[in-house]
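Notes to accompany the following structure.
The values are calculated or read from the model by the stated rules, or taken from the named source; none is laboratory data. These numbers come from a predicted model, not from an experiment. Here the Cβ positions follow ideal geometry from the backbone for every residue, glycine too, while neighbour counts run over all protein chains shown.
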Amino acid sequence: MRRKLAAGNWKMHGLRADLAQLSALNTAHPDPAIDILICPPATLIAPACAACDGGAVQIGGQDCHARASGAFTGDLSALMLKDAGASAVIVGHSERRDAHEESSEDVRAKAKATHAAGLVAIICLGESLAQREAANTLDIIAGQLSASVPNSADATNTVIAYEPCWAIGSGLTASPEQIGEVHDFIRARLTARFGAAQAGGMRLLYGGSVKPGNAAEIFAVSNVDGALVGGASLRADDFTPIISALEAAR
Ligand code: PEP
């Protein structure tokens with residue numbers, strides 16, 4: 001059985017005062033039946049870990065460099081994120097692929113570095129609106145999946161997040177049929193590459209305007225093992241009902 005995962009991506013939001021949201025999440029979910037992960041800005045990783053100490057909420061990073069150390073001003077390695085207390089790193093988010101022109105080969109190198117540091121890589125994939133409208137979604141996903149996921153991936157260190165670019169931060173959500181088609185496709189592709197035992201343990205998250213009002217419908221879709229949530233993860237009052245919907249979907 002795959003343990004469900006509710007992951008929050010705070011993006012470039014959050015100051016120390018917002019750590020109170022993590023304390024509220026820990027209090028609201030003292031013994032959750034699922035995994036809970038919040039990825040705050042890197043500046044908050046260490047204090048967030050301190051705020052969550054002894055609680056269920058785990059802390060992750062939003063990106064890392066592909067190298068463990070070196071002359072890369074302003075960058076952070078997976079090892080540094082681990083040292084600060086992170087247990088996972090999001091790699092290949094569409095905002096990184098777009099705004100920082102990261103290729104799937106870059107994402108693969110970052111995921112490999114994440115694995116080498118002993119952390120879980122949450123590898124993001126997703127088609128643009130133009131690609132979906134041109135009926136290219138599965139081809140795009142197949143290409144991103146094979147190029148972005150390193151051979152070091154296994155059931156314990158890899159989570160795949162399907163995030164249609166057009167649904168991120170837009171208020172638009174993919175339909176259950178659209179989500180199910182892509183998630184079933186990803187599971188089949190992973191199985192062909194890594195075998196049923198490893199692929200069957202890799203968790204597949206949906207991301208794209210997940211809210212308290214649509215979470216239950218999304219979590220009922222086959223091969224959806226949780227969500228990667230942006231805006232609705234910033235406040236405990238919004239994220240708590242999403243966590244509860246995922247617990248109820250087990
Ligand atoms: C995200 O940042 O990965 C995301 C899915 O954002 P939102 O939930 O705000 O659409």
Close pairs (7 angstrom Cβ cut-off, 6 or more residues apart or separate chains): closer than 19 Å to M1 by Cβ and at pLDDT 95 or above in the range 205-230, among the basic types (K, R) and in a helix (DSSP H, G or I) anywhere:
N223/R187
Restricting the range 145-193 to residues that are of a type in the set (S, T, Y) and either at pLDDT below 95 or not in a helix (DSSP H, G or I) (or both), the one nearest to the ligand (Cβ to nearest atom) turns out to be S170
Residues that are more than 13 Å from the ligand (Cβ to nearest atom), part of a helix (DSSP H, G or I) and within 19 Å of G92 (Cα to Cα): does the range 204-219 have at least one?
no
Residues in the range 100-133 that are more than 18 Å from G8 (Cα to Cα) and under 13 Å from the mean Cα position of the chain (by Cα) total 1
What's the number of the condition F219 fails, among (1) in contact with a strand residue (DSSP E or B) (Cβ under 9 Å, 6 or more places away or on another chain); (2) more than 21 Å from G171 (Cα to Cα)?
(2)
Subset tally (residues that are in contact (Cβ under 8 Å) with a residue 24 or more places away in the chain, closer than 22 Å to A99 by Cα and in a helix (DSSP H, G or I)) for the range 126-141
4
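Conditions tested, residue by residue: (1) closer than 25 Å to W166 by Cβ; (2) within 16 Å of the ligand (Cβ to nearest atom); (3) of a type in the set (G, A, S); (4) modelled with pLDDT of 95 or more.
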{"residue": "C52", "(1), (2), (3), (4)": "no, no, no, no"}
{"residue": "Q62", "(1), (2), (3), (4)": "yes, yes, no, yes"}
{"residue": "S69", "(1), (2), (3), (4)": "no, no, yes, yes"}
{"residue": "A78", "(1), (2), (3), (4)": "no, no, yes, yes"}
{"residue": "S87", "(1), (2), (3), (4)": "no, no, yes, yes"}
{"residue": "S94", "(1), (2), (3), (4)": "yes, yes, yes, yes"}
{"residue": "E102", "(1), (2), (3), (4)": "yes, yes, no, yes"}
{"residue": "A113", "(1), (2), (3), (4)": "no, no, yes, yes"}
{"residue": "A116", "(1), (2), (3), (4)": "no, no, yes, yes"}
